[in-house]
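Laboratory data are not the source of any read-out in this text; all were calculated from the coordinates shown. All values reported here derive from a predicted model rather than from experimental measurement. When we count neighbours, we look across all protein chains shown, and the Cβ atoms used for this are built from the backbone with ideal geometry, even at glycine.
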Amino acid sequence: MSLPDPSSLTGRPARLLARFALVCALSGALAGCFQPLYAENATVGGPALLDKLKDVEIIQIQGRLGNEVRNDLIFALTGGAGNPKGAPLQMIVSVDSSTSTALLNSSSGLPENQIVRVTANWRIIRAGDEKKKTVAEGAASGTATIDTSDQRFANYSASIDAEKRAARIVADQIKAQLAAYFIRTANAPGSAS
């Protein structure tokens, strides 16, 4: 094994040091570009965005799964403060659930694993609008998997739990879509809010 020529190493540490200094300078300059969406000092979101999210009343959604999505949405939008009555905006949500088989047992032909999918379509209307004209709308979906067994109650319980997990994903997606809508409308030319 031969050692490198010492004369070739003299420029190497200086170049490495220069590269390191450049990377540090660039990362320091870019560090101020990142702002969390819901941060208190964010110029884009911040307290104004949190207040706008709290100005949305979630209208009753039918069924057990609809109630799960509604409760998760209320908590996500208000931080646990409850559904705001008399809010200027109202959200109407329709929820659906489906189950598909992911894996089949080759000997019994019964499912071993299933995918539970929860989908929701939502729209925002202004409170008191008799025509119920849509201000914003969107769709969200969430999935969760379950392992099935030969026990019916265990499968039913696992399906309910999977729907609850998928409902939380749906609520988080709707919150993100709603936040994006409020930011877009706040930054739109000629917007007063």
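Computed from the C-beta positions of residue 106 and residue 141, the FRET efficiency with R₀ = 30 Å rounds to 0.50. Packing around the peptides 122-130, 178-186, 104-112, taken as the average count of other Cβ atoms within 10 Å per residue, puts them in this order, highest first: 178-186, 122-130, 104-112.
For the pair residue 176 and residue 115 in one chain, pulling the backbone fully straight at 0.36 nm per residue adds 19.6 nm over the alpha carbon distance. Residue separation of residue 64 and residue 15 scaled by 0.36 nm, minus their Cα-Cα distance, works out to 11.2 nm of gained length. Highest mean packing comes first when the peptides 134-142, 13-21 are listed by Cβ atoms within 10 Å, giving 134-142, 13-21.
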